[in-house]
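The values are calculated or read from the model by the stated rules, or taken from the named source; none is laboratory data. The model shown is predicted, which means the values in this text are computed figures rather than measured ones. So basically every Cβ, Gly included, is an ideal-geometry build from the backbone, and we count neighbours across all protein chains shown. We work out accessible area using only protein heavy atoms, side chains counted, and drop any ligands, DNA or RNA first. Shrake-Rupley method; radii C 1.70, N 1.55, O 1.52, S 1.80 Å.
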Amino acid sequence: AGLQVPAAHFRVPLARHGFDIAMYLLFLIIWTFAVVLDYGNAAELTTSQLASSKEMCGTLHCSTVFYMRLWCWLYIVGSLEKELRQLVRLREVYFSDIWNWIEVLSPGTALGGLILLELGHPNNAARLLAVSAALLWSRLLQTLRGLQSIGPLIPVIFSMVGQVLRLGSVMLILLVAFSFALYGILRPDIGVHATYAGKTALNDEMLAAQR
């Protein structure tokens, strides 16, 4: 009877949600330090090489790095499979929410980075893993929306980001326009420089003729 108590608590939605958040935070910590930041200096080793290695990978044993990377593999594949099932069920409605885009792209880029590590491209994998880390950490904002103190601020932050992007696009257009204008005026073969160079050449010819 005592074994049924944890199962009964786990069927409570709030308890399951808390468990999911705890597991996701644990995954983020392992993913960030063991894979993205490569704390074990094992980016050039594949998963099979880590499993068979008896040496140390930095300050960690290679077998420890292997189990952490394997757990990240399983978690990412499971997350991506869950999102794909939702995509099949909801179809085009799925992409109406911006959070669904993030929940597909974050494990997708993470899986791509792991595949590049297995193929022996650590430099390209590092770039993709960095993007995946930013996306994976940003998924926590979706959980924070339910908090009374932080939740209302998240839409405001996204609105401010949108305003900054629109302002940046206007400033970029003005910057490009004035850049081309100034370059057309100050370029050495035409404009002010060319006029000044022509006058200088004429003065040199007149001085030479006087001599």
**Q.** Pair list, Cβ under 7 Å, 6 or more apart: segment 26-48 residue within 19 Å of R127 (Cβ to Cβ) and part of a helix (DSSP H, G or I), other residue open to solvent by less than 40 Å² (accessible area, probe 1.4 Å) and among the basic types (K, R)
**A.** A34/R69; V35/R69
(Q) Cβ contacts < 7 Å: first residue free of Cβ contacts under 8 Å to residues at least 24 places away in the same chain and more than 12 Å from C72 (Cα to Cα), restricted to segment 107-119; second residue in a helix (DSSP H, G or I) and open to solvent by 30 Å² or more (accessible area, probe 1.4 Å), any location; separation 6+ or different chain. Result? (A) G112/L128; L116/N124; L116/L128
Q.
Considering only residues that are among the polar types (S, T, N, Q) and in contact (Cβ under 8 Å) with a residue 60 or more places away in the chain, which ones fall in segment 120-154?
A. S132, T143
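Helices (runs of 4 or more DSSP H) wholly in segment 53-158 with at least 3 residues that are over 21 Å from the mean Cα position of the chain (by Cα) and exposed (fewer than 13 other Cβ atoms within 10 Å of the Cβ) - which ones?
Details: elements: 62-90, 98-118, 122-138, 140-144.
Output list reads 62-90.
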Q) Which residue pairs have Cβ atoms closer than 9 Å, lie 6 or more positions apart in sequence or on different chains, and pair a first residue in segment 155-173 that is within 16 Å of S138 (Cα to Cα) with a second residue that is outside any helix (DSSP H, G or I)? A) P155/R145
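Only residues that are of a type in the set (D, E, K, R) and open to solvent by less than 40 Å² (accessible area, probe 1.4 Å): list them for segment 26-52, please. Full working, then the answer.
Step one: list which residues in segment 26-52 are of a type in the set (D, E, K, R), which gives 38, 44.
Listed by number, the list holds a single entry, D38.
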